[in-house]
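Below: one structure, written as structure tokens.
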Amino acid sequence: MHLAPPIRLALPLLLALTQGPAGADEVFLHRDAHGVPWFTDQREMGEGFTFIERRDYGRPPARSACRGLTPDALERRATQQMGWVRHYARLQGLDHRLVRAMITVESCFDRHAVSRVGAQGLMQLMPDTAQELGVEDAFDPRQNIRGGTTYFARMLQRFDQDTRLALAAYNAGPGAVERHGGIPPYPETRQYVTRVMSLYQSLGGG
């Protein structure tokens, strides 16, 4: 999953997200007076905020997409999408094995995966990022992979083809990488980079 800046979480929801999987069942999206989106568990945010929409997450969050999945089942899911993975990886000058590793870590190739902060589909695109990339349906594998590979290629270009920094930017946002001068000290981001690179190497890349 990556957070497309600028995105802010109201404190109650932020605490819920950092304390484990027992987060809110519904999330409300607001925009402040500067157009910055806020995800919160509060329906009313007061003066200066405009309510946009209410979202329910009945589908499994991305974090649980791999739970109970056998290697054979994962392989079947991956096989169904590898044509698009190879196609868009080639268009963006990426190694399709790296893209495969990213999707496996992001969603275990569950096209319906949704994270608790709203990242969607195979490559876990945030709605604002998907819109920016021209992705109309983030749950459509072709559109999602096109958007995800395009965004990742941009991160590679931004960080001088440093794969680890680009992965960190994909997960935590490029601003976080730049502020910290490297991979941010966020456990989730560091685990993400380690897991993707380890899987990529096991697939014969790196």
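The values are calculated or read from the model by the stated rules, or taken from the named source; none is laboratory data. Since the structure is predicted, the reported quantities are computational estimates derived from the model, not experimental observations. All Cβ positions, even for glycine, are placed from backbone atoms using ideal geometry, and neighbour counts span all protein chains on display. Accessible surface areas use protein heavy atoms only, side chains included; no ligands, DNA or RNA. Shrake-Rupley method; radii C 1.70, N 1.55, O 1.52, S 1.80 Å.
Below are the figures for this structure:
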| item | result |
| --- | --- |
| Subset of region 114-128 (residues that are closer than 16 Å to Val85 by Cβ and in a loop (DSSP other than H, G, I, E, B)) | Gly121, Leu122, Met123, Gln124 |
| Pick from region 83-94, criterion of a type outside the set (Phe, Trp, Tyr) and within 19 Å of the chain's Cα centre (by Cα), ranking: most open to solvent (accessible area, probe 1.4 Å) | Gln92 |
| Those residues of region 126-168 which are touching a strand residue (DSSP E or B) at 6+ places or on another chain (Cβ under 9 Å), closer than 19 Å to Cys108 by Cα and of a type in the set (A, V, I, L, M, F, W, C), in sequence order | Met126, Ala138, Phe139 |
| Selection status of Thr149, over 11 Å from the mean Cα position of the chain (by Cα) and surrounded by 23 or more Cβ atoms within 10 Å (Cβ to Cβ) | yes |
| Extreme residue, farthest from Val99 (Cα to Cα), among residues of region 152-164 that are in a helix (DSSP H, G or I) and open to solvent by 60 Å² or more (accessible area, probe 1.4 Å) | Arg158 |
| Among the candidates Leu122, Leu167, Leu98, Leu199, residue that is touching a helix residue (DSSP H, G or I) at 6+ places or on another chain (Cβ under 8 Å), open to solvent by 20 Å² or more (accessible area, probe 1.4 Å), of a type in the set (A, V, I, L, M, F, W, C) and in contact (Cβ under 8 Å) with a residue 40 or more places away in the chain | Leu199 |
| Any chance Glu75 is over 30 Å from Gly204 (Cβ atoms), out of contact with any Phe, Trp or Tyr (no Cβ under 8 Å at 6 or more places or on another chain), at pLDDT 60 or above and surrounded by fewer than 17 Cβ atoms within 10 Å (Cβ to Cβ) | no |
| Positions within region 161-189 being among the basic types (Lys, Arg) and within 20 Å of Met126 (Cβ to Cβ), in sequence order | Arg179 |
